[in-house]
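The values are calculated or read from the model by the stated rules, or taken from the named source; none is laboratory data. Quantities reported herein were computed from a predicted structural model and do not represent experimental measurements. Cβ sites come from the backbone with ideal geometry, for glycine too, and all protein chains shown count toward neighbours. The accessibility values were calculated without ligands, DNA or RNA, using every heavy atom of the protein model including side chains. Shrake-Rupley method; radii C 1.70, N 1.55, O 1.52, S 1.80 Å.
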Amino acid sequence: VQLQASGGGLVQAGDSLRLSCAASGRTFSIYGMGWFRQAPGKEREFVALISWSGGSTDYADSVRGRFTISREMPKNTVYLQMNGLKPEDTAVYYCAADYDRRILSRSVPAYDAWGQGTQVTVSS
């Protein structure tokens, strides 16, 4: 499975962005997809996840109510709609796919494939 993330940019506080993650390859094997982020000097942290079937989602407390994860099956693409962005949301955002462990986890090691990351910068 290969992942291609896009959609990052520089925005002001309160603005919105939509990140996309296009999956290719053995997409039929994907069990769940996640978004993570990593700010300078910090560890990579969980943001949101969705089951490939779309029936289950989960969010970090810091983004719940502001971010929405969704997927579009015909395009094998997962989105992260980010509203009400805050300066503390500034980070490189990564999408990830779980096709081996199949456990819908918030944990980085649970994911088998990662996209290249897309920078989100929120100015105050």
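Below are the figures for this structure:
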quantity: Choice from GLY25, GLY55, GLY41 showing the highest fluctuation, given a GNM over the chain with Cα pairs closer than 10 Å; calculated: GLY41
quantity: Surface accessible to a 1.4 Å probe, per residue, for the residues of the chain, Å²; calculated: 49 Å²
quantity: Value of relative contact order over the chain, rounded to a whole percent, pairs C-alpha under 8 Å and six or more apart; calculated: 36 percent
quantity: Of the trypsin sites (Lys or Arg not before Pro) in the range 33-100, those whose Cβ has at most 13 other Cβ within 10 Å and which sit in DSSP loop; calculated: LYS42
quantity: Coil-residue GluC sites (Glu not before Pro) of the range 1-109, DSSP, other Cβ within 10 Å capped at 16; calculated: GLU43
quantity: Per-residue ³J(HN,Hα) for the range 26-36, Karplus 6.51 cos²θ - 1.76 cosθ + 1.60, θ = phi - 60°, Hz, x for Gly and Pro; calculated: 7, 5, 5, 8, 5, 9, x, 10, x, 10, 10
quantity: Using θ = phi - 60° and Karplus 6.51 cos²θ - 1.76 cosθ + 1.60, couplings along the range 98-115 (whole Hz; Gly, Pro as x); calculated: 10, 10, 10, 6, 6, 10, 6, 10, 8, 8, 4, x, 6, 9, 9, 9, 10, x
quantity: Choice from MET82, MET33, MET73 with maximal GNM fluctuation in the chain (Cα, 10 Å cutoff); calculated: MET73
quantity: Portion, in percent, of the accessible area of the range 1-87 that falls on carbon or sulfur, probe 1.4 Å; calculated: 46 percent
quantity: Full-extension gain in nm, THR57 to LYS86, via 0.36 nm per residue minus C-alpha separation; calculated: 8.2 nm
